[in-house]
Amino acid sequence: MTRMLNLKLRIWRQNGPDSEGAFLDIDAPGIPEDASFLEMLDVVNERLISDDIEPVTFDHDCREGICGTCGVMINGQAHGPEKATATCQLHMRKFNDGDEITIEPWQATSFPVLKDLMVDRRTLDRIVEAGGYISAPTGTAPDANEIAIPKEAAEMSMDAAACIGCGACIAACPNSAGQLFTAAKLAHLNVLPQGQPERWKRTEAMVETMEDFFGACTNHGECHEACPKEVPLDFIAMMNRDYVRSKVKNRSLASQ
Amino acid sequence: MVTLDAKIPEGPIAEKWDNHKFSVKLVNPANKRRFDVIVVGTGLAGASAAASLAELGYNVKVFTYHDSPRRAHSIAAQGGINASKNYRNDGDSVYRLFYDTVKGGDYRSREANVYRLAQVADDIIDQCTAQGVPFAREYGGLLANRSFGGAQVSRTFYARGQTGQQLLLGAYQALAAQIAVGKVTLYNRSDVLDIVTKDGEAAGIVTRDMLSGEVTAHSAHAVVLATGGYGNVYYLSTNAMQCNGSAIWRAHRKGALFANPCYTQIHPTCIPAADEFQSKLTLMSESLRNDGRIWVPRGFDESRAADQIPEDERYYFLEEKYPAFGNLVPRDVASRNAKTVVDEGRGVGPLSNGVYLDFAAARARDGVEAVKERYGNLFDMYERITGEDPYSVPMRIYPATHYTMGGLWVDYNLMTTVPGLYALGEANFSDHGANRLGASALMQGLADGYFVLPSTISDHLAPQLGNSPVPTDDPVFTEAIDTVNDRTRMWMNVKGTHGVEHYHRELGKIVWEHCGMARNEAGLQKAMSEIPALRDEFRKNVKVLGSPDGINTMLEKVNRVDDFMELAELKVRDALHRAESCGGHFREESQTPEGEALRDDENFAYVGAWEWNGEDAEPTLHKEHLEFEYVKLTQRSYK
Ligand SMILES: Cc1cc2nc3c(=O)[nH]c(=O)nc-3n(C[C@H](O)[C@H](O)[C@H](O)COP(=O)(O)OP(=O)(O)OC[C@H]3O[C@@H](n4cnc5c(N)ncnc54)[C@H](O)[C@@H]3O)c2cc1C
Ligand code: FES
């Protein structure tokens, strides 16, 4: 028999970016432990709708922990208590009957609240647009096996590329720093042979765009703790080293 | 009067694509900037098309309802992407990939398109590698492959269990580069609510800004829909929650024929539903079937745990019935067999609604580490969802709706029956016939976007050189905006008793019950009367709260469910008319003595393309007859 949970929820409600917000206190009885966290919110929403109250707005899509669309603060933790797990993959069996759960949107000045639990994360795309790509226009590519890539490099690139761009790292950081996200984007491309020609230009541009939008990193490591894909902190050190070198490299490339 | 002209080029199959590229009209490089193209969708098909068109010099406007182009449903694809590189030296070739795809599609696809798909597949792997997609590699640094359901060669390229994510990031990054230089304008959180035509040709679209609620018109010389599939018509499916059929449905209502809506793929390896609140079903990649063995207890209503059931009381139904392919039979065959054993009362799990997928043999043979390297993240996902550890107990799986082979009818240029309106990726019907092989959707989406459309679109654009797009104050646009606003007002005024979700769930039940894994005339007739009744009740009694002038997820969804109601009816109508079984379309009346799908080539070797005649009129069926010059029509057999 499926265990049923009776919960007390405090959910942040805010009508728009410029409105005042407030907590909605609401009981959520009869939640099956096999439900996911978002399915629990679905149930709450259906009950609100039947009482003619607008449902709580939250972002979500794949519900498989891969698209990076979902993400809320659960009892103050980005994506909640389970390690390496996005909100949509958190299941209610991780909670106990009678628990009080506080649900809030990501908190970071660069992620303004749009409505209730939904925030605006467009700044993450701006960082990628600054240089997070390899310029290889369609049709120009050589045979895929022309350049051998050491398995270790491909694996490391994949560890970085596993980032789902949810923004939990920034929401969890006391300074709202964007280091882990940016470092992951950089490492994905910078460790590959194909990524070398633009490496220094990419690093300088992305780091500086990041600094335009996000806070400063003071090495708390909360970002890694909150990351649903456990992107390693080492990438930040790699980014910092590359950034310093990029200043010199880009100047000497320009003078060639 | 619509005539279906597939525009298949002349010549031997291996030369058709080259011949065609030579004969299409071109736009010279300096003139490309004089053309505007709208691309709807930033999944693999849309992002690759938008980036490639912008690289060529066209001005591109790209629309997505996601907050970022990186989040499209394509991101969830796990298993891999096919190409016939023959890096494994196991006898693969363009011809074999072509042959497998036509056969796998149960001879209901167009040979010329499939051959081209197989031809450009190799270029996709090259392109993605150059972009930095971290495909799996061998120790020597060269690319690794795995085999996938329905194929006897190892031709699937993959990036851990996250192939779709990595391919999409590649396309998204290429798109970001074009956004940065201003060749692409991105409209995120924009819901395309209508397609606009003028004098029968595509003129543009109407969108709703999902943050402000503002309804706007956009015009261009061509409109490209890369809006994905309509599997969520079943409510429960492996598709992302926001996937919907609205853009293609609205295009259909504006004159684009809808082909083979009844062809749906039910994927054999999904996690069975756990309770009534289930909002979606999760796919466990088919690659698991390479190493997992599928079985159920031989006895009925078994209550012992899996490890208590001795070997000789286990029924490895796929291995027994199909010794040559075993657990790797195509998806439709695997799914139907799972349904059969569950219906017989051999189902496993708390709700007896699954079959086992067991890795004990693979662990014993290759070691836990090897299994972990191949499937680690899938196993973790399984454990998070079910609370069970697949390293110690077998997984439970059951089929679920996964992919829609049907979609907008397109010619060889990927143009719909509306001139200037194109459909790419899962949104079109091409290439997969009645059943899609594993790892072939990513291939098709990227083939369409990177290589096909950029070469064919100039045929439509070139003659328009010097013409401006239809201005957005033209009556065709102002009327379209009025229609969208009227529809919104209508929903806000119903003030009924049930939320939108309720109706979507009810619709899903009807479609799954009568037009799911197995279909028969009586059930389909029943659905033909149940769906319109549900739609009437929905339109009279749905409840949409809040305001249209701002974020309103209920309003977004009500339009989508409304479109699904109409689409569902067409799907059932199509299933009813196709009184044969083929691929994913299994009509119980048409099966071999062994219970396999029995095609009727005499009467049904055609693409069924439906024309919209208005809300109160029946649609007209048009037929594109399929010629098989190269792959001989045979009854599929995986024995
Ligand atoms: C769980 C899962 C695993 C899969 N695994 C594999 C695999 O291993 N190999 C394989 O080959 N295939 C796989 N597939 C299938 C494959 O992922 C899809 O068929 C393919 O990615 C579809 O790509 P697409 O570009 O056509 O559409 P999508 O990726 O669905 O993109 C649709 C885009 O259109 C936009 N859009 C849609 N409607 C509107 C609108 N009205 N207004 C504005 N924007 C709109 C969306 O925002 C989105 O950007 C899998 C599918 C699923 C569900
Ligand atoms: S909804 Fe996609 S990661 Fe959670």
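The values are calculated or read from the model by the stated rules, or taken from the named source; none is laboratory data. Only a predicted model underlies this, so the values are computations on that prediction, with no experimental measurement involved. Don't worry about glycine lacking a Cβ; one is built from the backbone with ideal geometry, like all the others, and counts go over all protein chains shown.
Values as computed for the structure displayed
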item	result
Candidate set from segment B:116-150 (those that are surrounded by fewer than 23 Cβ atoms within 10 Å (Cβ to Cβ) and in contact (Cβ under 8 Å) with a residue 60 or more places away in the chain); member that is nearest to the other protein chains (Cβ to nearest Cβ)	B:Asp123
Criterion (more than 16 Å from ligand 2 (Cβ to nearest atom) and under 20 Å from B:Asn86 (Cβ atoms)) met by exactly one of B:Ala203, B:Ala176, B:Ala151	B:Ala151
Any hit, segment B:271-288, residues being modelled with pLDDT under 95, more than 15 Å from B:Tyr398 (Cβ to Cβ) and touching an Asp or Glu at 6+ places or on another chain (Cβ under 9 Å)	yes
B:Tyr58, sole failed condition from (1) under 23 Å from the mean Cα position of the chain (by Cα); (2) buried (at least 24 other Cβ atoms within 10 Å of the Cβ)	(1)
Any hit, segment A:89-99, residues being over 21 Å from A:Arg3 (Cα atoms) and of a type in the set (Lys, Arg)	no
Tally, over segment B:330-359, of residues that are part of a strand (DSSP E or B) and either under 25 Å from B:Ser581 (Cα atoms) or within 26 Å of the chain's Cα centre (by Cα) (or both)	3
Odd one out for B:Ala423 among (1) assigned by TED's automatic domain parsing to the domain that holds B:Pro330; (2) buried (at least 24 other Cβ atoms within 10 Å of the Cβ); (3) small (Gly, Ala, Ser)	(1)
Check on A:Gly98, among the small types (Gly, Ala, Ser), touching a Lys or Arg at 6+ places or on another chain (Cβ under 9 Å) and within 12 Å of chain B (Cβ to nearest Cβ)	no
Residue in segment A:41-82 that is nearest to ligand 1 (Cβ to nearest atom), counting only those that are within 14 Å of the chain's Cα centre (by Cα) and more than 9 Å from chain B (Cβ to nearest Cβ)	A:Cys70
Selection within segment B:278-296 - surrounded by fewer than 22 Cβ atoms within 10 Å (Cβ to Cβ) and away from ligand 2 (no atom under 16 Å from the Cβ)	B:Asn290, B:Asp291, B:Arg293
Index of the failed condition, B:Ala77 passing every other in (1) touching a residue at least 12 places away in the same chain (Cβ under 8 Å); (2) over 17 Å from the mean Cα position of the chain (by Cα)	(2)
Matching residues in segment A:135-148 - criterion: being of a type outside the set (S, T, N, Q), within 7 Å of another protein chain (Cβ to nearest Cβ) and surrounded by fewer than 22 Cβ atoms within 10 Å (Cβ to Cβ)	A:Pro137, A:Ala141, A:Pro142, A:Asp143, A:Ala148
Single unsatisfied condition, A:Ala78 versus (1) more than 13 Å from ligand 2 (Cβ to nearest atom); (2) over 24 Å from B:Glu388 (Cβ atoms); (3) of a type in the set (Gly, Ala, Ser)	(1)
Of all residues in segment A:85-101 being acidic (Asp, Glu) and part of a loop (DSSP other than H, G, I, E, B), the one that is farthest from ligand 2 (Cβ to nearest atom)	A:Asp97
Qualifying position, being polar (S, T, N, Q) and touching a Pro at 6+ places or on another chain (Cβ under 7 Å), among A:Asn96, A:Asn45	A:Asn45
The lone exception for B:Gly104 - which of (1) within 20 Å of the chain's Cα centre (by Cα); (2) at pLDDT 95 or above it fails	(2)
Residues of segment A:71-90 that turn out to be surrounded by fewer than 23 Cβ atoms within 10 Å (Cβ to Cβ) and closer than 14 Å to B:Asp380 by Cβ, as a count	4
Index of the failed condition, B:Asn353 passing every other in (1) touching a Phe, Trp or Tyr at 6+ places or on another chain (Cβ under 6 Å); (2) away from chain A (no Cβ under 14 Å); (3) modelled with pLDDT of 90 or more; (4) closer than 27 Å to B:Glu302 by Cα	(2)
Subset of segment B:151-190 [more than 9 Å from chain A (Cβ to nearest Cβ), assigned to a strand (DSSP E or B) and crowded, with 22+ Cβ neighbours inside 10 Å]	B:Thr156, B:Val184, B:Ser190
Candidate set from segment A:178-198 (those that are farther than 18 Å from A:Met158 by Cβ and more than 19 Å from the chain's Cα centre (by Cα)); member that is surrounded by the most Cβ atoms within 10 Å (Cβ to Cβ)	A:Glu198
Any hit, segment B:37-55, residues being surrounded by fewer than 24 Cβ atoms within 10 Å (Cβ to Cβ), away from ligand 2 (no atom under 16 Å from the Cβ) and more than 8 Å from chain A (Cβ to nearest Cβ)	no
Selection within segment A:102-129 - more than 7 Å from every other protein chain (Cβ to nearest Cβ) and assigned to a loop (DSSP other than H, G, I, E, B)	A:Pro105, A:Trp106, A:Gln107, A:Ala108, A:Thr109, A:Ser110, A:Phe111, A:Pro112, A:Asp116, A:Leu117, A:Asp120
Residues of segment B:262-281 satisfying the condition of being assigned to a loop (DSSP other than H, G, I, E, B) and in contact with a Ser or Thr (Cβ under 8 Å, 6 or more places away or on another chain)	B:Tyr263, B:Ile271, B:Ala274, B:Asp275, B:Ser279, B:Lys280, B:Leu281
Helices (runs of 4 or more DSSP H) wholly inside segment B:360-464 containing at least 2 residues that are farther than 16 Å from B:Ala77 by Cα and among the polar types (S, T, N, Q)	B:453-461
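Conditions tested, residue by residue: (1) away from ligand 2 (no atom under 15 Å from the Cβ); (2) of a type in the set (D, E, K, R).
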{"residue": "A:Asn45", "(1), (2)": "yes, no"}
{"residue": "A:Asp52", "(1), (2)": "yes, yes"}
{"residue": "A:His60", "(1), (2)": "no, no"}
{"residue": "A:Ile74", "(1), (2)": "no, no"}
{"residue": "A:Lys83", "(1), (2)": "yes, yes"}
